[in-house]
């Protein structure tokens with residue numbers, strides 16, 4: 001394993017037990033997800049997948065960089081056969097404890113998202129990557145080549161992540177937009193552009209079916225976990241209305257679904 005991968009593994013093994021991540025595993029948060037699995041997905045993302053993939057029941061779904069595993073729990077609750085993969089053993093251990101309590105049959109495998117080396121070709125109906133994945137990927141084209149490889153013919157790749165447009169700005173709520181870098185400055189901090197995502201899909205042989213650019217829906221987009229704890233409802237009112245918060249005029253998230261050729 002390369003030094004960068006080891007650094008990423010160490011980082012997420014530590015973060016998995018942070019106050020922020022523990023807040024994602026509270027009984028209140030998890031019970032809400034269990035009652036309504038759709039709450040595991042940002043508004044519009046689940047609808048995009050359902051439009052193209054259809055019923056998840058019986059589908060084999062892989063979640064690379066599975067993180068907090070809320071999406072893994074949700075897919076399993078909706079009847080899918082779920083495999084959760086992450087570079088962090090601790091993330092998988094914490095998720096495994098939850099799925100065991102809920103009696104969810106989720107397979108957990110520690111693997112690197114770029115290579116997916118522990119998965120055979122033509123295995124899955126859907127591969128889903130969610131928020132935060134792309135900012136850790138050093139070779140986007142290799143990642144999508146391997147996503148295409150592990151998909152069955154006619155299978156789907158779905159992604160949801162921070163919109164690349166936001167990377168050029170400081171993204172401070174209530175303030176006039178302030179540019180911090182060029183949109184074309186991809187490296188060294190892995191600022192993938194829309195064209196990089198689209199081209200990586202195309203070169204891997206995946207046909208893009210639909211893309212969605214999604215506005216922020218709550219205050220969590222604008223503040224860190226620690227900052228948000230100090231904010232009142234009055235302080236965050238209208239935060240997603242661009243007439244009050246100029247930065248809200250920029251799409252916050254991007255979602256895309258593509259398909260392996262049959």
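The values are calculated or read from the model by the stated rules, or taken from the named source; none is laboratory data. Every value quoted in this text rests on a predicted model; they were computed, and no experiment measured them. Cβ coordinates were reconstructed from backbone atoms using ideal geometry, including for glycine residues, and neighbour counts include every protein chain displayed.
If you go through the range 164-176 and keep only what is farther than 16 Å from residue 137 by Cβ and either in contact with a strand residue (DSSP E or B) (Cβ under 9 Å, 6 or more places away or on another chain) or crowded, with 16+ Cβ neighbours inside 10 Å (or both), you end up with 165, 166, 168, 169, 170, 171, 173. Contact map, the range 66-87: residues that are at positive phi and without any contact (Cβ under 8 Å) to a residue 40 or more places away in the chain paired with residues that are outside any loop (DSSP other than H, G, I, E, B) and surrounded by 24 or more Cβ atoms within 10 Å (Cβ to Cβ), Cβ distance under 7 Å, separation 6+ or inter-chain. Pairs shown: 69/84; 69/95. From the list 62, 46, the one residue that fits, being farther than 28 Å from residue 224 by Cβ, at pLDDT 95 or above and within 14 Å of the chain's Cα centre (by Cα), is 62.
Scanning the range 47-62 for residues that are surrounded by fewer than 24 Cβ atoms within 10 Å (Cβ to Cβ), touching a residue at least 24 places away in the same chain (Cβ under 8 Å) and outside any loop (DSSP other than H, G, I, E, B) turns up 48, 49, 51, 52, 53, 60. Can you name the residue in the range 116-152 that is free of Cβ contacts under 8 Å to residues at least 40 places away in the same chain and in contact with a strand residue (DSSP E or B) (Cβ under 7 Å, 6 or more places away or on another chain) and, of all such residues, is farthest from residue 201 (Cα to Cα)? For the range 116-152, the residue satisfying everything is 118. The set of residues in the range 177-197 being in contact with a strand residue (DSSP E or B) (Cβ under 9 Å, 6 or more places away or on another chain), surrounded by fewer than 15 Cβ atoms within 10 Å (Cβ to Cβ) and not in a loop (DSSP other than H, G, I, E, B) consists of 179 alone.
So, in the range 215-239, of the ones that are farther than 19 Å from residue 168 by Cα and crowded, with 17+ Cβ neighbours inside 10 Å, which residue ends up nearest to the chain's Cα centre (by Cα)? So, considering only residues that are farther than 19 Å from residue 168 by Cα and crowded, with 17+ Cβ neighbours inside 10 Å, the one nearest to the chain's Cα centre (by Cα) is 219.
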